[in-house]
Each structure stands twice: as C-alpha cells, then as structure tokens.
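As structure tokens, the structure follows; a few thoughts come after it.
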Amino acid sequence: MRYGDGVIDKRRNRMICIREDHTVLQKGYAVTEIVALDLDGQKEPVVLLSYPDDSESDYLRDFYSSPCLSPDGEKLAWLAWNFGRMPWDSNELWVAEFDKNGLLDREKIKKIAGNTNELEKGESLFQPQWWQNKLYYVSDRDKWWHIYRHNDDGDEKISKNAPKDVEFAAPQWNLRMSTYSFLTEDTIIAAYNKSGIWKLGEINTETFVFKELPITFPVETEDPKFKEVTEIKQVRVCSGKVVFIAGGPYFPSSIVRLSEERTQMAVIQRGTRIDLFNKSPESKEPLYNRLVAN
C-alpha cells in the first residue's frame, strides 16, 4: 500500500488521500484509489472511490489525484484519467457530496470539466482548489493553462487579463503540485511560465486585474543577472505569508518568503551550494560561493 496527496478532513477526524494498492492488479497495474484514513489509527481505511467498486459507473477511472475538500467539508473534488493518457494530455475534474456516513454520495457525483474519451482533443486540468466554497482549477481548454472558477451558470477565466501565451501549470509528474494560492479574499498569488521562464503574478478574483510581481533574489551585487528568478514552484500561503521554491541560473532552488510589499524575497532555507562557476582571477573561491556566502 502506498499513500500520498493527503488532505486533512477535520470535521471527520481523518485524512483523505490517494492510495496505490499493489495487492490487487487492474489491467496488470496496481489499483489507484481515494481513501480516508482515521487520524487516531483506530479504524480501518475507508475506500471512497476505487475502480473495482462498480466497473459500470461512468465516474470510475484508472488514476486519481489532487483530492481537495470544500471549506465546509461538504464536498470533495479530484482529478481522474484513464490508461493511455497522461494528466497533461487528457483528464477530468469531478466533484461529489458526502453522505451522512462520510462516504461519497453516488447520486451526487458530477463531472465539472474534461473528457478522457478524447485523447487527441482532450482537456488537461491541474490543481483544483476551493476558496470560499468556490472551486478553482487550471485548464488548457483555450490552448494555454489558465486559471478558472467554476460557476453553475458557466465557468469563468480568472487569469484572462494575463498574457495569453503564458501557463499557470506544469506537467503533473508529482502529487500535490501547486502553482497558485489565495493570499486574501480576492487576491491570488500565482506562478506562471513564459517561454520556459517562471514568473510570479497577482490576480484579483473580482476585477480580474493582473500584474507581474518583479521579484529578485536578495544578493549583494549590482549585477542583475545574479538576482534573476527563473524557477518558481510549490506556491503556498501559510499564516498569511506567501512561500514557495525559487531558483535561478546563479541561485540554487531555495525555500523563500515573499515580502508584504510583494517585491522582495527572504530566503528561509537556501539550497545546497554547487560550485557551478569558474573561479575568477581575483579569488580561488568560486563566484557563486562568494555571492551567497552570507
């Protein structure tokens, strides 16, 4: 049994996560399930969704990821896809309500977006996330991965005022990836990729105003290339602070915190030093080590 992608269900004192069951094979592979684990360890795991449950149901898939709970604990959203596809090719976003026993109400399972039956023209969904009981997600339905908000009367593109040729997602090689998070009631801080370079932006969820945040590494040098940020991932908001992993050509991937002015970064944990650069004539110490020694 292998577990990952967990989220805490405080209301029911449990963790909901993805499980690979290698004791049972489906199509020659381990079975992927959504399960609930008792936080006290006193109860057996409860399977919420699994392919062998009912192979005739149209909501069952070979793979699941990204389970997320609504703030009121009433609903669960997740991503799903089938063999023959990767999540960046074609997957689906589903939502279900819980019944009184904490199980998924099979009568109230609804597909929000995607279609795994369309391999060539499929939609790729990424990072479903609830905010104020509204469901947000990233989709490439308009060619580029952009952020959307689900509404019963039609979903709307939240990042519509960002440059069209940027992407607010990355291929899902890992579980629990995050490119955006909510800082305030109406403010999203999001990482986006343009031509292979990652940047950080701010989006107002009501006015849809978008602006780039001109962040740099706190390096004591006048040369801007040593301050350049080109990699951003795992964007989170913790206790009102924006934290993420950032790196650049002259700076290793490090855990950083965004300043309240949203223009500077403080390094929480610097990545491992690597002697990537040639020693200068003035010093035997590699240039990188001298720049970040402090």
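Using a Förster distance of 35 Å, how high is the FRET efficiency between E202 and V267, based on the Cβ-Cβ distance and rounded to 0.05? Efficiency at R0 = 35 Å is approximately 0.95. Of all lysines in the structure, those lying under 26 Å Cα to Cα from K75, and not within fewer than 8 positions of it along the same chain, are K10, K43, K100, K108, K110, K111, K134, K157.
What is the fewest-to-most order of V7, V219 by other Cβ atoms lying within 10 Å of their Cβ?
Working: V7 14, V219 18.
Result, fewest neighbours first: V7, V219.
Label-to-label distance for Y29 and L175 is 1.5 nm, based on points extended 7 Å past Cα in the beta-carbon direction. Since only A77, V209, V229 are under comparison, the one whose Cα sits farthest along the positive direction of the charge dipole of the chain, derived from C-beta charges on Lys, Arg, Asp and Glu, is V229.
Set against the labelled values [x] 1.12; [y] 1.20; [z] 1.41, Cα Rg over 2.2 N^0.38 Å computed from this structure falls on [x].
By definition, a body whose alpha carbon gyration tensor gives a ≥ b ≥ c is oblate when a/c is 1.5 or more and a/b is not larger than b/c, and the range 77-207 fits this oblate description. Since only L37, S181, G196 are under comparison, the one whose Cα sits farthest along the positive direction of the charge dipole of the chain, derived from C-beta charges on Lys, Arg, Asp and Glu, is G196. Note on the range 185-271: the C-alpha convex hull projects to 6.0 nm² when averaged across all orientations. Projecting the alpha carbon convex hull of the range 1-123 along each direction and taking the average yields 7.7 nm². Projecting the Cα atoms of I18, G6, N91 onto the dipole axis of the range 1-123, where Lys and Arg carry +1 and Asp and Glu carry -1 at the beta carbon, places G6 farthest toward the positive end. Excluding A96 itself, calculate the net charge of residues whose Cβ lies under 11 Å from the Cβ of A96, where each Lys or Arg counts +1 and each Asp or Glu counts -1. Net charge in that neighbourhood comes out at 0. Under the simplified labelling scheme, the K164-V47 pair shows an inter-label distance of 4.7 nm, with each label point 7 Å from Cα along Cα→Cβ.
Values quoted throughout were computed directly from the atomic coordinates according to the rules given, and no laboratory measurement underlies them. Model, not experiment: these values are computed from the prediction. Cβ coordinates were reconstructed from backbone atoms using ideal geometry, including for glycine residues, and neighbour counts include every protein chain displayed.
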